[in-house]
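To start, the structure under review is shown below, and the notes come after it.
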Amino acid sequence: MKSIVSALGASATLLLAAPLAQGQEAQPTAHSTAQDDGGVEEIVVTAQKRSENLQSVPLSIQALSAQTLQRAAVTTIDSVPSLAPGFTLANVGSGFVSYSYIRGAGTNVVDAGADPSVAYFVDEVYLAGTAGLAFDFLDLERIEVLKGPQGTLFGRNAAAGAINIITARPEDHFDAYAQVDAGDYAAFSARAGVTGPLTEAGDWRYRLSLGHREHGPYVNNLTPGGRDPGALNTYTGRGQLQYVGNDLMALLTLDYFNSDNGMTPQFVSTASAVGEITPTYVFTPGQNFDHRYWDVNGFERQNMGAATGRVEWSLPFGTLTSITAYRDNRFHRLQDQDGTEADGYVLETREHDKTFSQELRLSGDTGSLNWITGLYYYHNDTERGDVVAVGNDFVLAPYRGVTARYHNDITTESYAAFGQATYHFTDAFSTTVGARYTSEQKTSDQDTIPLTLVPYTLHLDPSWTSFDPAITFTYQATPDVMAYFSARQGFKSGGFQSLPNSPVIASIVYDPERVHSYELGLKSRWLDEHLQVNLALFRAEMNDQQILTLPSAAFTFINNAGKTVTNGLDLSVTAQITPQFRVDWNSTLQRARFEEYACSTCTPAYNYNGNQQIRSPDFQTSLVAEYTQPIGQLGDVRLRGEYFYQSEEFFDPANQKTRGYYQPAYGLVNARISYLPPGGQWELSLYGKNLTNEEYFRNIVPIAGVTGVGAPGDPLTVGVALNWRM
């Protein structure tokens with residue numbers, strides 16, 4: 001911890017020593033309002049389904065504006081955690097596997113029968129499952145990271161929190177932009193968009209956005225004739241048509257995403273680079289972190305299309321909102337699952353998700369009462385097929401040469417009713433009460449030939465219900481200081497086993513997760529609104545957390561941990577020191593521990609009580625500084641520096657500290673220098689990410705308590721970007 005404090009102190013000293021010259025104020029974005037005197041801008045969020053100032057919302061929220069996302073070069077969701085401590089995400093490969101945790105609540109179960117504990121929404125539409133969360137961002141207005149259960153208004157499976165992604169809407173005036181980015185590893189990306197009115201009155205509007213992104217592999221396959229894994233090639237498009245009348249708004253959005261990427265470059269992280277003999281394989285000498293051997297030329301391909309219709313109708317007593325959405329997502333991958341040059345085993349997966357959802361809600365203000373109520377329906381069909389081809393070098397001799405086939409058709413049907421009301425007893429004191437009732441049923445039809453070659457079919461149809469209340473007390477002490485206390489409950493449905501090896505295991509349905517959360521928070525502004533300090537003390541109690549384990553190289557099992565408790569602190573500080581110099585510091589200090597996770601009658605027996613929760617570091621911090629230096633009539637030069645640090649992270653509940661079985665503490669440094677000519681229509685930037693070339697694993701899969709298979713984080717990359725806007 002001493003080294004952490006020293007690093008932060010040194011960084012702060014350097015930042016405060018920067019020149020404090022006068023210059024132009026940053027231009028406000030579409031979602032924020034800059035202060036006239038150069039104070040901290042006001043950010044508008046929709047975390048409670050209405051537009052509100054971030055500082056007046058009694059929730060712990062990390063809001064990332066479009067301007068922040070652009071300057072930090074955030075193009076996919078896996079870059080967000082470095083700007084939002086307390087939120088951990090491991091997108092493995094191109095996003096077929098995504099592990100998300102907030103405040104010690106999350107799940108490492110990523111099969112077709114599971115859902116993430118952190119719910120993802122795009123324009124208030126829930127994204128099903130974990131496959132394909134790494135789609136490219138286009139024309140975003142902001143991203144909101146909502147910490148803690150969001151069961152009342154966001155609902156489905158937001159037990160740990162919610163990631164609320166909001167895209168920009170069509171404008172009533174013509175506007176256009178283009179962005180081009182090029183860098184090492186053959187990196188290239190291009191984005192462009194245009195918006196404007198279709199009629200002279202401006203009541204009909206459009207918006208069209210297109211994007212392409214590619215880069216070469218970050219690692220080398222040393223196998224002769226082998227393809228380097230990890231290359232990226234994606235295309236993204238969005239079209240919007242909007243009608244805005246006096247009392248009616250209607251918006252149709254069509255989304256498309258296509259990717260043809262290389263295989264995930266995962267390898268056995270517990271093996272040395274010089275031919276160390278492990279219990280599984282013997283490795284060829286000459287390997288290191290980015291030079292490995294693979295014997296499979298795999299791939300990851302995704303094709304997604306979505307349509308969303310939104311209608312807002314202003315009535316005399318409130319606003320009626322309807323959100324109808326359909327999403328079709330296909331994913332196909334071929335993976336060297338053992339991650340070595342050995343003929344271990346290969347996994348091929350095909351998944352097809354079809355999702356339909358409908359939300360109807362009515363909201364309004366009645367005197368001192370703000371209220372919202374609604375109904376929600378969700379239907380998902382997932383068809384998934386897995387083929388496991390076992391080679392002659394597989395560690396378990398009886399399975400060598402065997403091909404197993406798993407086929408599962410899963411249907412999910414969910415209904416919910418919800419409501420929330422805020423009553424203002426005085427101008428300073430208010431209370432918010434909310435609740436959601438959910439009824440959900442899942443059906444699984446399995447047709448499987450496991451590694452034992454004893455085929456079976458199985459039909460399962462479990463159902464669950466949950467009533468999730470929430471209450472919040474808010475006190476606005478002054479116009480710039482607000483305190484709150486909340487107690488909330490979250491729910492996430494149960495599911496089915498992943499790649500089960502027998503009908504007995506396949507028939508075990510794991511239970512839902514339930515989270516009880518308590519939060520005491522303060523939101524404040526000081527020094528004539530030049531300093532913003534927000535903090536939240538929290539406690540989260542997670543019951544029946546769903547955890548996947550690999551007792552052997554050929555066997556997976558999902559069970560429920562009894563209870564996990566997290567106590568912690570979120571701290572967010574923004575200082576607009578001058579109109580040209582700004583510092584953002586965000587940190588999460590938490591203690592997430594298994595309180596009840598033991599079994600003395602199991603084979604083998606285990607007792608993880610007191611151990612650190614998986615994928616939940618005790619400390620994460622992000623420090624960002626921006627300084628703009630005017631250069632006379634030539635315009636401005638803007639300097640941006642980012643530092644992210646996290647303490648050690650475990651991937652197994654046993655908390656083994658074997659090298660390559662866990663991730664030690666590490667830090668990442670990013671920097672960007674930009675030239676802005678007079679007029680501000682374009683911007684030229686030079687940037688670098690992971691400037692210290694830190695070697696770390698974004699994910700490790702522990703196997704049998706002995707071997708770890710890890711996916712490395714991105715290395716040092718540099719590039720140049722050109723942004724233009726009318």
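The values are calculated or read from the model by the stated rules, or taken from the named source; none is laboratory data. Small disclaimer: the values here were computed from a predicted structure and weren't measured. Because the Cβ atoms are built from the backbone with ideal geometry, glycine has one as well, and the counts that use them run over all protein chains shown. Protein only, heavy atoms only, side chains kept; ligands, DNA and RNA dropped before computing areas. Shrake-Rupley method; radii C 1.70, N 1.55, O 1.52, S 1.80 Å.
Only one residue in E519, E529 is open to solvent by 20 Å² or more (accessible area, probe 1.4 Å), more than 30 Å from R384 (Cα to Cα), in contact (Cβ under 8 Å) with a residue 12 or more places away in the chain and of a type outside the set (S, T, N, Q). Which one? Before the answer, list the steps.
Numbers: E519 fails: open to solvent by 20 Å² or more (accessible area, probe 1.4 Å).
Among E519, E529, only E529 is open to solvent by 20 Å² or more (accessible area, probe 1.4 Å), more than 30 Å from R384 (Cα to Cα), in contact (Cβ under 8 Å) with a residue 12 or more places away in the chain and of a type outside the set (S, T, N, Q).
Pairs under 6 Å by beta carbon, first residue within 18 Å of S524 (Cβ to Cβ) and open to solvent by 30 Å² or more (accessible area, probe 1.4 Å) in the stretch 32-49, partner part of a loop (DSSP other than H, G, I, E, B) and modelled with pLDDT under 50, six or more apart or different chains?
Filtered contacts from the stretch 32-49: E41/A34.
So S259 passes all but one of these: (1) open to solvent by 20 Å² or more (accessible area, probe 1.4 Å); (2) at pLDDT 90 or above; (3) hydroxyl-bearing (S, T, Y). Which condition number does it fail?
Of (1) open to solvent by 20 Å² or more (accessible area, probe 1.4 Å); (2) at pLDDT 90 or above; (3) hydroxyl-bearing (S, T, Y), only one is false for S259: (1).
Within the stretch 571-597, track down each residue that is under 30 Å from P653 (Cβ atoms), in contact with a Gly (Cβ under 8 Å, 6 or more places away or on another chain) and open to solvent by 20 Å² or more (accessible area, probe 1.4 Å). Talk me through it step by step, then tell me what you get.
Step one: of the stretch 571-597, the residues under 30 Å from P653 (Cβ atoms) are 571, 586-597.
Remaining after also requiring in contact with a Gly (Cβ under 8 Å, 6 or more places away or on another chain): 588-597.
Listed by number, the residues that qualify are L589, R591, R593, E595, E596.
Evaluate the stretch 639-648: report whether one residue or more is open to solvent by less than 40 Å² (accessible area, probe 1.4 Å), among the hydroxyl-bearing types (S, T, Y) and either closer than 25 Å to V92 by Cβ or out of contact with any helix residue (DSSP H, G or I) (no Cβ under 8 Å at 6 or more places or on another chain) (or both).
At the first step, the residues of the stretch 639-648 found to be open to solvent by less than 40 Å² (accessible area, probe 1.4 Å) are 640-642, 644-647.
Cutting the leftovers down to among the hydroxyl-bearing types (S, T, Y) gives us 645, 647.
Then drop every residue that is not either closer than 25 Å to V92 by Cβ or out of contact with any helix residue (DSSP H, G or I) (no Cβ under 8 Å at 6 or more places or on another chain) (or both), which leaves 645, 647.
Yes, the stretch 639-648 contains at least one residue that is open to solvent by less than 40 Å² (accessible area, probe 1.4 Å), among the hydroxyl-bearing types (S, T, Y) and either closer than 25 Å to V92 by Cβ or out of contact with any helix residue (DSSP H, G or I) (no Cβ under 8 Å at 6 or more places or on another chain) (or both).
From the residues in the stretch 167-176 that are open to solvent by less than 20 Å² (accessible area, probe 1.4 Å) and part of a strand (DSSP E or B), which one is farthest from P217 (Cα to Cα)? Give the steps one after another, and end with the answer.
Just the residues of the stretch 167-176 that are open to solvent by less than 20 Å² (accessible area, probe 1.4 Å), to begin with: 167-168, 170, 176.
Next, from what is left, pick out any that are part of a strand (DSSP E or B): 167, 176.
Values: T167: 30, A176: 32 Å.
The extreme case among them is A176.
Kindly indicate whether any position in the stretch 664-674 is of a type in the set (K, R) and touching a Leu at 6+ places or on another chain (Cβ under 9 Å). Show your work before the answer.
Of the stretch 664-674, the ones of a type in the set (K, R) are 672.
Pick out the ones that are also touching a Leu at 6+ places or on another chain (Cβ under 9 Å) and you get 672.
For the stretch 664-674, residues of a type in the set (K, R) and touching a Leu at 6+ places or on another chain (Cβ under 9 Å): present.
What pairs come out if I take residues in the stretch 245-266 that are closer than 10 Å to E312 by Cβ and pair them with residues that are open to solvent by less than 20 Å² (accessible area, probe 1.4 Å) whose C-beta lies under 9 Å away, six or more apart or interchain?
So the pair list comes out as M249/Q242; A250/Q242; L251/P170; L251/Q240; L251/Q242.
Could you list, in sequence order, the residues of the stretch 699-712 that are within 22 Å of the chain's Cα centre (by Cα) and surrounded by fewer than 20 Cβ atoms within 10 Å (Cβ to Cβ)?
none
Looking at the structure I just gave you, is P265 open to solvent by less than 50 Å² (accessible area, probe 1.4 Å), more than 30 Å from R361 (Cα to Cα) and either part of a loop (DSSP other than H, G, I, E, B) or at pLDDT 90 or above (or both)?
Working: open to solvent by less than 50 Å² (accessible area, probe 1.4 Å): yes; more than 30 Å from R361 (Cα to Cα): yes; either part of a loop (DSSP other than H, G, I, E, B) or at pLDDT 90 or above (or both): yes.
Taking the combined requirement at face value, the residue satisfies it.
Within the stretch 437-446, does at least one residue satisfy the condition of being closer than 23 Å to V387 by Cα, surrounded by fewer than 17 Cβ atoms within 10 Å (Cβ to Cβ) and either touching a residue at least 24 places away in the same chain (Cβ under 8 Å) or among the polar types (S, T, N, Q) (or both)? Steps first, please.
Of the residues in the stretch 437-446, the ones closer than 23 Å to V387 by Cα are 443-446.
Those still in the list that are surrounded by fewer than 17 Cβ atoms within 10 Å (Cβ to Cβ) too: 443, 445.
Still in the running and either touching a residue at least 24 places away in the same chain (Cβ under 8 Å) or among the polar types (S, T, N, Q) (or both): 443, 445.
The answer is yes, given that some residue of the stretch 437-446 is closer than 23 Å to V387 by Cα, surrounded by fewer than 17 Cβ atoms within 10 Å (Cβ to Cβ) and either touching a residue at least 24 places away in the same chain (Cβ under 8 Å) or among the polar types (S, T, N, Q) (or both).
In the stretch 523-544, is there at least one residue being at positive phi, touching a Pro at 6+ places or on another chain (Cβ under 7 Å) and of a type in the set (D, E, K, R)?
Step one: of the stretch 523-544, the residues at positive phi are 527-529, 544.
Right, trim to touching a Pro at 6+ places or on another chain (Cβ under 7 Å) and you get 544.
Remaining after also requiring of a type in the set (D, E, K, R): 544.
Within the stretch 523-544, one or more residues are at positive phi, touching a Pro at 6+ places or on another chain (Cβ under 7 Å) and of a type in the set (D, E, K, R).
Restricting the stretch 137-155 to residues that are within 23 Å of F188 (Cβ to Cβ) and open to solvent by 10 Å² or more (accessible area, probe 1.4 Å), which is modelled with the lowest pLDDT? Give the derivation first.
Initially, the stretch 137-155 is screened for residues within 23 Å of F188 (Cβ to Cβ), giving 137-140.
Imposing the further condition that a residue be open to solvent by 10 Å² or more (accessible area, probe 1.4 Å) reduces the set to 137, 139-140.
Details: F137: 88, D139: 91, L140: 92.
In this case the residue turns out to be F137.
Might you check whether a residue that is touching a residue at least 24 places away in the same chain (Cβ under 8 Å), assigned to a strand (DSSP E or B) and of a type outside the set (V, I, T) occurs anywhere in the stretch 156-163?
Start the filter on the stretch 156-163 by keeping residues that are touching a residue at least 24 places away in the same chain (Cβ under 8 Å), which leaves 156-163.
When the remaining residues are screened for being assigned to a strand (DSSP E or B), the result is 161-163.
If we keep only those that are of a type outside the set (V, I, T) too, we end up with 161-162.
Within the stretch 156-163 (the criterion being touching a residue at least 24 places away in the same chain (Cβ under 8 Å), assigned to a strand (DSSP E or B) and of a type outside the set (V, I, T)), the answer is yes, since at least one residue qualifies.
Going through the stretch 547-561 one residue at a time, which ones are open to solvent by 30 Å² or more (accessible area, probe 1.4 Å) and not aliphatic (A, V, I, L, M)?
T549, P551, S552, F555, F557, N560
Only one residue in R227, R213, R205 is open to solvent by 30 Å² or more (accessible area, probe 1.4 Å) and assigned to a loop (DSSP other than H, G, I, E, B), so which one is that? Talk me through it step by step, then tell me what you get.
On the way: R213 fails: assigned to a loop (DSSP other than H, G, I, E, B); R205 fails: assigned to a loop (DSSP other than H, G, I, E, B).
After ruling out the rest, the residue left standing is R227.
Filter the stretch 84-102 down to residues that are open to solvent by 10 Å² or more (accessible area, probe 1.4 Å) and either closer than 19 Å to A47 by Cα or of a type in the set (S, T, Y) (or both) and give me whichever is modelled with the lowest pLDDT.
S94
Tell me yes or no: at least one residue of the stretch 470-493 is surrounded by 16 or more Cβ atoms within 10 Å (Cβ to Cβ), more than 27 Å from N53 (Cβ to Cβ) and not small (G, A, S).
yes
Quick check on Y627: is it in contact with a Lys or Arg (Cβ under 9 Å, 6 or more places away or on another chain) and either surrounded by 20 or more Cβ atoms within 10 Å (Cβ to Cβ) or at positive phi (or both)? Give the steps one after another, and end with the answer.
On the way: in contact with a Lys or Arg (Cβ under 9 Å, 6 or more places away or on another chain): yes; either surrounded by 20 or more Cβ atoms within 10 Å (Cβ to Cβ) or at positive phi (or both): yes.
Yes, satisfied.
Table: residues versus (1) hydroxyl-bearing (S, T, Y); (2) part of a strand (DSSP E or B); (3) in contact with a Lys or Arg (Cβ under 9 Å, 6 or more places away or on another chain).
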position: D445; (1), (2), (3): no, yes, no
position: T457; (1), (2), (3): yes, yes, no
position: W464; (1), (2), (3): no, yes, yes
position: I471; (1), (2), (3): no, yes, yes
position: A487; (1), (2), (3): no, yes, no
position: I505; (1), (2), (3): no, no, no
position: E519; (1), (2), (3): no, yes, yes
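How many residues are aliphatic (A, V, I, L, M) and either modelled with pLDDT under 95 or under 30 Å from P462 (Cβ atoms) (or both) if we restrict to the stretch 414-433? Before the answer, list the steps.
Taking the stretch 414-433 as the starting set, the residues that turn out to be aliphatic (A, V, I, L, M) are 416-417, 421, 428, 433.
Remaining after also requiring either modelled with pLDDT under 95 or under 30 Å from P462 (Cβ atoms) (or both): 416-417.
Within the stretch 414-433, residues that are aliphatic (A, V, I, L, M) and either modelled with pLDDT under 95 or under 30 Å from P462 (Cβ atoms) (or both) number 2.
Out of contact with any Pro (no Cβ under 6 Å at 6 or more places or on another chain) and not aromatic (F, W, Y): does that describe G202?
yes
V219 - would you say it is among the β-branched types (V, I, T) and modelled with pLDDT under 95? Show your work before the answer.
Values: among the β-branched types (V, I, T): yes; modelled with pLDDT under 95: yes.
Considered against the rule, which asks whether it is among the β-branched types (V, I, T) and modelled with pLDDT under 95, V219 comes out as yes.
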